[in-house]
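*Asks:* Starting off with a structure, shown below.
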Amino acid sequence: MNLTERIAAGDTSLYDHVESQTSEGDRVSFLALHDTVARELGQFSYLEIGSHLGGTLQVFVADPRCSAIVSVDPRPPSQPDDRGPVFHYDGNSTERMLGLLGAVPGAELGKLQTIERSSEDIGPWEVGRPDLAFIDGEHTHSAALRDARFCREVMGTAGVIAFHDSGIIGPAIHEFVAETRPAAAFPVRDGLYLVELGTVAHILACPPVADRAYPTAPE
């Protein structure tokens, strides 16, 4: 199978090249979302907040349908977390990430822009208008809400935002959904939460994304 077919089939071995802090279920859901966005839009752009080693970037850098990628990560050596402890990230550098991504088969690093600043310090004009965004930065209520609002600002009236670890940042997600009133918003297996901006759901109404949904929102 070629890359497009493997994404559509939910082949999670596509994540074998760079370590990713995602579960098997997360990867299946993320590939389903990736496949649906690519099929519905053809060419699309991707914004990621919190990349660390680049594990969730590896499929996008190899897929020619993803025409532009922006990775936002201030690269702190440690950061707070709503789970309680401070989390440390040894060797957390853009150079290390690029080296790992460069080894991914078919990687096109020329379409990847990296920004080593927090979303609160970035102007919307610096990232363009992404079609898909993934939030996996600092896992605190204030940071997750800030990152979500930034994604909403740069996306405008259309786009899909995916949150990782929704069980940790659930209150921030619910606050964002309440103030945004998106076209669709629901959790999917294992720990992702998807939000589609606008008034009519296009991407999130499509299988296989809709088929990954949990019946209720995370607490």
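*Asks:* Mind listing which chymotrypsin sites (Phe, Trp or Tyr not before Pro) in the range 51-117 are in a DSSP loop and have 16 or fewer other Cβ atoms within 10 Å?
*Replies:* Here the chymotrypsin sites (Phe, Trp or Tyr not before Pro) that fit, given the DSSP loop and packing criteria, are Tyr89.
*Asks:* What is the set of long-range amide H partners of Val188 at a cut-off below 5 Å, with H atoms built 1.01 Å from backbone N?
*Replies:* Tyr193, Leu194, Tyr214
*Asks:* Given only helices, namely DSSP H runs of n ≥ 4 each adding -39500 (n - 2.57), what is the per-residue ellipticity at 222 nm of the chain, to the nearest 500 deg cm²/dmol?
*Replies:* On the way: 6 runs with 67 residues, N = 219.
One gets -9500 deg cm²/dmol as the mean residue ellipticity at 222 nm.
*Asks:* Where in the range 77-145 are there GluC sites (Glu not before Pro) that are in a DSSP coil and have at most 15 other Cβ atoms within 10 angstrom of their Cβ? Walk me through the numbers on the way to the answer.
*Replies:* Details: sites: Glu95, Glu108, Glu116, Glu120, Glu126, Glu138; in loops: Glu108, Glu116, Glu138.
Filter output for the range 77-145: Glu116.
*Asks:* Let me ask something else about it. What is the spin-label model distance, in nm, from Tyr214 to Thr157 if the labels are put 7 Å beyond Cα along the C-beta direction?
*Replies:* 3.3 nm
*Asks:* So, one more: If you add up the charges near Ser71, with Lys and Arg at +1 and Asp and Glu at -1, over every other residue whose beta carbon is less than 10 angstrom from its beta carbon, what do you get?
*Replies:* For residues surrounding Ser71, the net value is -3.
*Asks:* How far apart, in nanometres, would the label points at Met1 and Ala178 be if each is projected 7 angstrom from Cα along the Cα-to-Cβ direction?
*Replies:* Distance between label points: 4.1 nm.
*Asks:* Quick one: work out the % antiparallel among DSSP beta bridges in the range 1-126, nearest 5. Let's see the in-between values first.
*Replies:* Numbers: 2 of 12 bridges.
Expressed as a percentage, antiparallel bridges in the range 1-126 total about 15.
*Asks:* If you take every DSSP beta bridge whose two residues both sit in the chain, what share of them, in percent to the nearest 5, is antiparallel? Intermediate results must be reported in sequence, preceding the final value.
*Replies:* Numbers: 13 of 32 bridges.
Roughly 40 percent of the DSSP beta bridges within the chain come out antiparallel.
*Asks:* A follow-up question, please. Return the loop-located GluC sites (Glu not before Pro) in the range 1-41 (DSSP other than H, G, I, E, B) with at most 13 other Cβ atoms within 10 Å of their own Cβ; answer none if there are none.
*Replies:* Taking the range 1-41 and a limit of 13 other Cβ atoms within 10 Å, the loop GluC sites (Glu not before Pro) found are Glu19.
*Asks:* Separate question: Mind listing the long-range amide H neighbours of Gly159? Cut-off is under 5 Å, sequence gap 5 or more, other chains count too, H placed in the peptide plane at 1.01 Å from N.
*Replies:* Excluding prolines and chain starts, which carry no amide H, the hits are Leu197.
*Asks:* With +1 on the Cβ of every Lys and Arg and -1 on the Cβ of every Asp and Glu, and nothing else charged, how large is the dipole of the chain about its Cα centre, in debye rounded to the nearest 20? Each step should come with its number before you reach the end.
*Replies:* Working: 16 positive and 32 negative charges, 87 e Å.
So the magnitude is around 420 debye.
Quick note: the coordinates plus some simple rules give every number you see, no bench work behind them. These numbers were taken from a predicted model, which means no experiment stands behind them. Please note: Cβ atoms are built from the backbone with ideal geometry, for glycine as well, and neighbour counts cover all protein chains shown.
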